[in-house]
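The values are calculated or read from the model by the stated rules, or taken from the named source; none is laboratory data. Treat the numbers as computed from the prediction; the structure is a model and nothing was measured. Methodologically, a virtual Cβ is constructed for each residue, glycine included, from the backbone with ideal geometry; neighbour enumeration extends over all protein chains shown. Quick note on the areas: whole protein, heavy atoms, side chains included, nothing else; ligands and nucleic acids left out. Shrake-Rupley method; radii C 1.70, N 1.55, O 1.52, S 1.80 Å.
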Amino acid sequence: MTNWWQNAVGYQIYPRSFYDSNGDGIGDIKGIIAKIPYLKELGVDFIWLNPMYKSPNVDNGYDISDYKDIAAEYGDMAQFKELLEACHKENLKIILDLVVNHTSDQHPWFVEAKKGKENPYRNYYHWQNATPANLPNNWQSFFGGSTWTVDEPSGQAYFHVFAPEQPDLNWKNEAVRTEIYQMIRWWLELGIDGFRLDAISHIQKEPWNFKIKDNPWAPFMNVAGIDNYMKDLQQIFNEYNVMTVGEASGVSSKKAVNWTDSEGYLDMIFELEHNVRKGVAGSERIDLLGFKKVIARWQKDLGKKGWNALYLENHDNPRFNTILGNETKKSAKALAMMYLLLRGTPFIYQGQELGATNYPFQTISEVDAKDTLSFYHRLLAENKSEAEALQLATSWSRDHARTPMQWDDSKNAGFTTGTPWLKVNPNYVKINVAAEKEDPDSVLNFYRQLIQIRRQEETFATGTFELLAQNDPDIFAYLRKGEKQFLIITNISQKTRKLTLPKKIWQKNWQSYITNDKTAPKKLTKEMTFAPYDALLFVEQSNS
Ligand code: GLC
Ligand code: CA
């Protein structure tokens, strides 16, 4: 392996909910510094921090009003430098969120742009002549509603693929690119280790008269012409030899090869297809077969050239132990084994390593996420009852993942001495770091073990991937072949399942490496029976 990140494990920190050092109810930089020992014990190699830049917080920091400063609630630049130094001292790398598709409407560029058509910053954004009754087109934004917000005084509207408070930057304007590239260099000069590129596949748009056929997001997803901008970015990243991971919806697994091979724009991208849902609205779950097919396709398509970023959860999605597991320790461990041993660079989202579950919302006042709130109000307007609207709007809400990190069983899970900005999941009395550290059978200790195994066994980084039991709706099983050969079998269901293994598997001599439960089978046989959420790792014994 030539690149450090190919053998690394990452950890995503949502700073607002990680650890609050001063009792204002909001996680902060000092809080992250205080928890470096925890991250080292877990065994991760780098952290990705969600945005901590100056922001009016309409979209929790994804609406940036100053790219080169830290929001006061998190600390300041001096503290950020302290964090960087403290991490580097411990051999922990840091990558930051880079949000350059849009700014906040409070960013000085937009404040200027809004002043009028003649303002030199007007062209930093996308403006078109419009009235409320006559918008430039019918495109819809990701957060609901038109992509256009009318500015009556000027008789024009500006464009945004997310909230109206997040106007999209005009990448066609060279002045914009120059400013953005300069800002990126400024952070790289500080010594950070890379970026997660937010919404990067949206920076190029189709002409405004483009007609939408089936996919409503087509006019701003990986649109032709984006390559020029990506090449510019690639050149900067290469100069600094940093790690980059893109959030690039619309980049298919086939196209991802060019994005992520040794000549690619980025080192890896997050696929955004794996949340294949089944069931009725309001109580949907992940369909394992659909999920598995997506993962296997990405493994295959990036098997020789290109590289995968592996993840289950992030700050935008519910908790996997609820939507694919059954909220037990055992299912959390099975999910960990299922994805942590795939080919690629794994990311763990804070709390996932504890087996965190969704939050039991009782009232809409417990919700912060803007998209969930707007969905809720739309449902009320459609005459749904409050209870029904709450269920439908919150079942897949991003806030499930944003509740505070659960450190111990003291008040507010030890996250804050004040009032947390978002409520703590009541299950913190059981699911918390302090308790799990002490328990050798905890989800936390299982994650630690898997991370170590990944590091010790080079095959997990370099080996090939082969899916087994391809069409099985409950079982996710695969082989990793390199210097050694490993077999991973997980029963991702509540059912007791029987499986007949193919001869090429059972005729080999396998030894149990670890299982997620004492009762799980330790011996590999042709016919096997698995209890719900059994997960097994075998290694092939050499004949010597
Ligand atoms: C990405 C982020 C999400 C944010 C959006 C707009 O999808 O992950 O949290 O709301 O971009 O910046
Ligand atoms: Ca704080």
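The table below gives the values:
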{"item": "Mean separation of Cα contacts under 8 Å (6+ apart) over length of the chain, as relative contact order %", "result": "13 percent"}
{"item": "Cα-based Kirkwood hydrodynamic radius, the chain, one decimal, Å", "result": "24.5 Å"}
{"item": "Where segment 341-472 is the region considered: accessible area per residue in Å², 1.4 Å probe", "result": "41 Å²"}
{"item": "Rounded accessible area of SER141 (nearest 10 Å², 1.4 Å probe)", "result": "0 Å²"}
{"item": "Rg followed by Dmax, in Å, when segment 1-120 is reduced to its Cα trace", "result": "16.6, 56"}
{"item": "Distance between modelled label sites at GLU386 and GLU284, nm, 7 Å Cα→Cβ extension", "result": "2.6 nm"}
{"item": "q = 0.15, 0.18, 0.30, 0.31 Å⁻¹: log10 I(q)/I(0) that the Debye formula gives for segment 108-159, counting C-alpha atoms only", "result": "-0.39, -0.55, -1.14, -1.17"}
{"item": "Rounded FRET efficiency, nearest 0.05, which uses the C-beta distance separating ALA34 from ASN3 and R0 of 30 Å", "result": "0.50"}
{"item": "ILE47 long-range amide H proximity, modeled H, under 5 Å", "result": "TYR11, LYS93, ILE94, ILE95"}
{"item": "Dipole of segment 1-138, positive direction: furthest Cα of ASN129, ALA71, SER55, with charges on the beta-carbon", "result": "ASN129"}
{"item": "Candidate lysines for bridging to LYS370, where Cα separation is under 17 Å - those fewer than 8 sequence places away on the same chain excluded", "result": "LYS423"}
{"item": "Segment 396-426 residues near the modelled SER365 label - backbone nitrogen below 14 Å, point 7 Å along Cα→Cβ", "result": "423"}
{"item": "For segment 108-159: accessible area per residue (Å², 1.4 Å)", "result": "51 Å²"}
{"item": "Using a Förster distance of 30 Å, the FRET efficiency for LYS437-ASN326 (Cβ separation, nearest 0.05)", "result": "0.80"}
{"item": "At 1.567 mPa s and 4 °C, Stokes D of segment 464-540 from Kirkwood alpha-carbon radius, µm² per second", "result": "104 µm²/s"}
{"item": "Cα lying deepest toward the dipole's positive end in the chain, options THR244, TYR349, ILE475, charges on Cβ", "result": "ILE475"}
{"item": "For segment 112-164 versus segment 476-532, the gap between their alpha-carbon centres in whole angstrom", "result": "56 Å"}
{"item": "Antiparallel content of DSSP bridges confined to the chain, in %, to 5", "result": "60 percent"}
{"item": "Long-range amide H partners of SER146 with built H, under 5 Å", "result": "SER141"}
{"item": "Pairs from LYS333/LYS411; LYS504/LYS526; LYS330/LYS526; LYS278/LYS333; LYS484/LYS523; LYS330/LYS484 whose Cα-Cα separation, in the structure shown, is over 20 Å", "result": "LYS333/LYS411; LYS330/LYS526; LYS278/LYS333; LYS330/LYS484"}
{"item": "Cα-based reach from LYS503 at 14 Å (exclusive), listing aspartates and glutamates while leaving out same-chain residues under 8 positions away", "result": "GLU527"}
{"item": "Heavy atoms of THR519: accessible area, 1.4 Å probe, square angstrom to 10", "result": "110 Å²"}
{"item": "Nearest-20 debye value, the chain charge dipole, Cβ charges on Lys, Arg, Asp, Glu", "result": "2240 debye"}
{"item": "With all protein chains modelled, accessible area of THR416 [1.4 Å, Å²]", "result": "10 Å²"}
{"item": "Cα shape, segment 355-412, gyration tensor, a/c 1.5 rule", "result": "prolate"}
{"item": "Kirkwood-based shape ratio for segment 127-205, expressed as Rg/Rh from alpha carbons", "result": "1.07"}
{"item": "At R0 = 25 Å, FRET efficiency that the Cβ-Cβ distance of ASN258 and ASN138 yields, to 0.05", "result": "0.20"}
{"item": "Ranked order, GLU271, GLU90, GLU73 - accessible area, probe 1.4 Å, largest first", "result": "GLU90, GLU73, GLU271"}
{"item": "Extension gain from LYS523 to LYS411, taking 0.36 nm per residue of separation minus the Cα-Cα distance", "result": "35.9 nm"}
{"item": "Furthest towards positive pole of dipole, ILE492, ALA218, ASN3, structure part the chain, Cβ charges", "result": "ILE492"}
{"item": "All lysines inside 19 Å of LYS89 as judged from Cα atoms, apart from same-chain residues fewer than 8 positions distant", "result": "LYS30, LYS35, LYS40, LYS81"}
{"item": "Per residue solvent-accessible surface (Å²) - segment 1-43, probe of 1.4 Å", "result": "33 Å²"}
{"item": "Per-residue HN-Hα couplings for segment 492-507 [Karplus 6.51, -1.76, 1.60; θ = phi - 60°; Hz; x = Gly/Pro]", "result": "8, 7, 8, 9, 7, 10, 9, 9, 9, 8, x, 4, 4, 8, 5, 6"}
{"item": "Centroid-to-centroid separation of segment 356-385 and segment 449-472 [C-alpha atoms, Å]", "result": "39 Å"}
{"item": "The chain - mean residue ellipticity at 222 nm from DSSP helices (-39,500 (n - 2.57) per run, n ≥ 4, rounded to 500)", "result": "-8000 deg cm²/dmol"}
{"item": "LYS430, LYS484, LYS305, LYS35, reordered so the largest accessible area comes first (probe 1.4 Å)", "result": "LYS430, LYS305, LYS484, LYS35"}
{"item": "Accessible carbon and sulfur surface of segment 108-159 relative to its total accessible area, %, 1.4 Å", "result": "49 percent"}
{"item": "Inter-probe distance in nm under a simple model that places probes 7 Å from Cα toward Cβ, at ASP214 and ARG455", "result": "4.6 nm"}
{"item": "Under 5 Å, built H, 5+ apart or other chain: amide partners of THR345", "result": "ASN308, ALA309, LEU310"}
